[in-house]
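What follows is a single structure, written as structure tokens, with notes after it.
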Amino acid sequence: MVSVRLPDGSVRQFDAPLTVAQVASNISTSLGKAALAGKVDGKVVDTSFLIEKDADVAIVTDKDPEGLDVIRHSTAHLLAYAVKELFPDAQVTIGPVIENGFYYDFSYKRPFTPDDLVAIEKKMAELAKKDEQVTRKVLPRDEAVAYFKSINEHYKAEIIASIPSNEDVSLYTEGNFTDLCRGPHVPSTGKLKVFKLMKLAGAYWRGDSKNEMLQRVYGTAWTKKEDQEQYLFQLEEAEKRDHRKLGKQLDFFHFQDEAPGLVFWHPKGWTIWQQVEQYMRRKYQENGYQEVKAPQILDASLWGKTGHWENYRENMFVTESENRSYALKPMNCPGHVQIFNSDLRSYRDLPLRYGEFGQCHRNEPSGALHGIMRVRGFTQDDGHIFCTNAQIEPEVVAFHQQAMEVYKDFHFENIDVKLALRPDNRIGDDDVWDKAEEALRSGLRACGVTWTELPGEGAFYGPKIEYHLKDSLGRPWQVGTMQVDFFMPGRLGAEYVADDNTRKTPVMLHRAIVGSLERFIGILIENYAGALPMWLAPQQVSILNISDAQADYCKALESRLRKLGFRVAADLRNEKITYKIREHSVQKVPFILVVGDKERDANTVAVRARGNVDLGVMPIEALVERLQNDVDTKA
């Protein structure tokens, strides 16, 4: 007798062992047809998995997140199957599931072409329509090695040979194709209906540049056609919004080989930077932060005390002078501790909040660099709070409220809060980590928010709250953080005089709201497709004359608006007005003012808002009120 407990709490009794597929069909015929896999005691398994003892069982369909993973995993195998059908001499290597899809790496005598990609996808569709059963078998390791050698799949043989000799391995077969895999997979290829091959790329075998360059085929797969269409639309939109393309088109910044991973900011881009920085500076001041500035380069001995030299050295730029080793700072916190240590502190001074727009450098791999989103030199809206244990919760609450205000002002309303917990590579005892993690949980509870926990993703010196915002395309970006650090202040000798006249070590809270200003500006550019809100736009107003007869009026208006604090420029070129309007529209200027004889004589302007919206003719006073309102409300 086998008892199966279902997710609704009901229990079904069976006289003999049975498969997940049989359980699904027992529940209903429709569920039996829809089953992609099962969950037995929490583990995702094939529908062919035999349940031999009492278990908790759930049926996985295309409505479950696990179902989508199974579909993508199985589609990667379908891709390899199709490649082997079309190119029998190709060797298959690995094909994992990745975000939004999958890839598979192949070794072949010539590069695949875009036409090959079309042919492979067509063959995948043909094989899926055959609805061939996907079956699993288990072999001893050495027998599996011998099998793959016999069919000239040497990469698979090498992978299996690295598995301990006393372990068995599982193989999956569909039609004429057999592959190494842990599974699970869909019961038949007919379940794979919505997929598309995306692109080709190169990849070294086992990620080592000394090995052969393989060919990587990327694909995407979904449960519903409309989901795939939405994803492809999102990709198309993301391509249009790419901050690197817009940065060049709108003259914001550039990069060059002489400074890899470092940004050359142009006047327009630097204007955006200044708006973000000055806004954040006001937020610092409103919330009791004192702005400081620490050195860029610090002696290696200090980085040794903090643990960075041991745990982070490969990411640091190192230099020497007069037989001393130094490092360009990858983060600002040690410098802030030195400022704290420069004077005798009392418990009455706490919490002590320091803020710095601190420039940091990290030796990121060249392949990881990505426009201004991932650079080697960046500036953070960095802050550190020195406080007592009792002050952690109110500081976390205050920071959360401040962060939410900032994100709202930038028009990010959809924010996910996550708590990154202790990693394997960390300093300090578990009891201290317990205290730090619980302090952050307590602060979040007091804020009344829900959060997701991320085991193993904290920094080596402490856990952290992460703020993940979603942009206008629904893409998540991790920006703000709040970290509890019980270690660094003690390592660097930070102390304060407690109310009982004893010396105690303060707790250090690391916090940032937008994080890297470079990255945040990149997010803004893509979120708004370069059409930044009025208060952030590098040029807010363009004044265009129809003929030379209005030039003096335009110059006077330009001067007046500039004195009122608006970023404005008059275009007095002898060009057709339609040409000038089009050119300034392409530059995504929020307001274009057109002046002819009628407007000049009436002391008015014809106003066009971005997006070719005609706001009609306005008196100058009404225009100024409209512009100022858009800036003040961050419309």
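Below, the figures for the structure above:
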item: Selection from region 261-300 of residues that are among the basic types (Lys, Arg), farther than 21 Å from Ala531 by Cα and assigned to a helix (DSSP H, G or I); result: Arg281, Arg282, Lys283
item: Residues located in region 341-361, provided they are part of a strand (DSSP E or B) and either in contact with a helix residue (DSSP H, G or I) (Cβ under 9 Å, 6 or more places away or on another chain) or more than 17 Å from Gly493 (Cβ to Cβ) (or both); result: Leu352, Arg353, Tyr354, Gly355, Glu356, Phe357, Gly358, Gln359, Cys360, His361
item: Some residue of region 496-516 being small (Gly, Ala, Ser), surrounded by fewer than 21 Cβ atoms within 10 Å (Cβ to Cβ), part of a loop (DSSP other than H, G, I, E, B) and in contact with a strand residue (DSSP E or B) (Cβ under 7 Å, 6 or more places away or on another chain); result: yes
item: Region 230-258: number of residues that are modelled with pLDDT under 95 and of a type in the set (Gly, Ala, Ser); result: 1
item: Residue identified as basic (Lys, Arg) and closer than 26 Å to Gly101 by Cβ among Lys43, Lys53; result: Lys43
item: Residues (more than 26 Å from Gly490 (Cα to Cα) and small (Gly, Ala, Ser)) located in region 418-455; result: Ala446, Gly448
item: In region 323-358, residue modelled with the lowest pLDDT [restricted to those that are over 31 Å from the mean Cα position of the chain (by Cα) and of a type in the set (Gly, Ala, Ser)]; result: Ser325
item: Leu31 at pLDDT 95 or above and out of contact with any Pro (no Cβ under 9 Å at 6 or more places or on another chain); result: no
item: Of all residues in region 1-21 being under 41 Å from the mean Cα position of the chain (by Cα) and free of Cβ contacts under 8 Å to residues at least 40 places away in the same chain, the one that is nearest to Thr61 (Cα to Cα); result: Val20
item: Criterion (touching a residue at least 12 places away in the same chain (Cβ under 8 Å), loosely packed, with under 14 Cβ neighbours inside 10 Å and not aliphatic (A, V, I, L, M)) met by exactly one of Glu277, Glu291; result: Glu291
item: Of residues in region 179-225 being polar (S, T, N, Q) and without any contact (Cβ under 8 Å) to a residue 24 or more places away in the chain, the one nearest to Val145 (Cα to Cα); result: Asn211
item: Residue list for region 173-208, filter: part of a loop (DSSP other than H, G, I, E, B) and either in contact with a strand residue (DSSP E or B) (Cβ under 8 Å, 6 or more places away or on another chain) or surrounded by 17 or more Cβ atoms within 10 Å (Cβ to Cβ) (or both); result: Cys181, Arg182, Gly183, Pro184, His185, Val186, Pro187, Leu192, Lys193
item: Failed item, numbered, when Glu258 is tested on (1) out of contact with any Leu (no Cβ under 7 Å at 6 or more places or on another chain); (2) surrounded by 18 or more Cβ atoms within 10 Å (Cβ to Cβ); (3) part of a loop (DSSP other than H, G, I, E, B); result: (2)
item: Unmet criterion (only one of (1) charged (D, E, K, R); (2) part of a strand (DSSP E or B); (3) at pLDDT below 95; (4) under 31 Å from the mean Cα position of the chain (by Cα)) for Glu320; result: (4)
item: Residue satisfying condition, being surrounded by fewer than 17 Cβ atoms within 10 Å (Cβ to Cβ) and either in contact with a helix residue (DSSP H, G or I) (Cβ under 7 Å, 6 or more places away or on another chain) or among the basic types (Lys, Arg) (or both), within set Leu31, Leu6, Leu79; result: Leu31
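Here's the yes/no breakdown for (1) touching a strand residue (DSSP E or B) at 6+ places or on another chain (Cβ under 8 Å); (2) part of a helix (DSSP H, G or I); (3) exposed (fewer than 13 other Cβ atoms within 10 Å of the Cβ):
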position	(1), (2), (3)
Asp105	yes, no, no
Arg110	no, no, yes
Asp115	no, yes, yes
Ala119	no, yes, no
Met124	yes, yes, no
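The values are calculated or read from the model by the stated rules, or taken from the named source; none is laboratory data. Model, not experiment: these values are computed from the prediction. Using ideal geometry, Cβ is built from the backbone for each residue, glycine included, and neighbour counts are taken over all protein chains shown.
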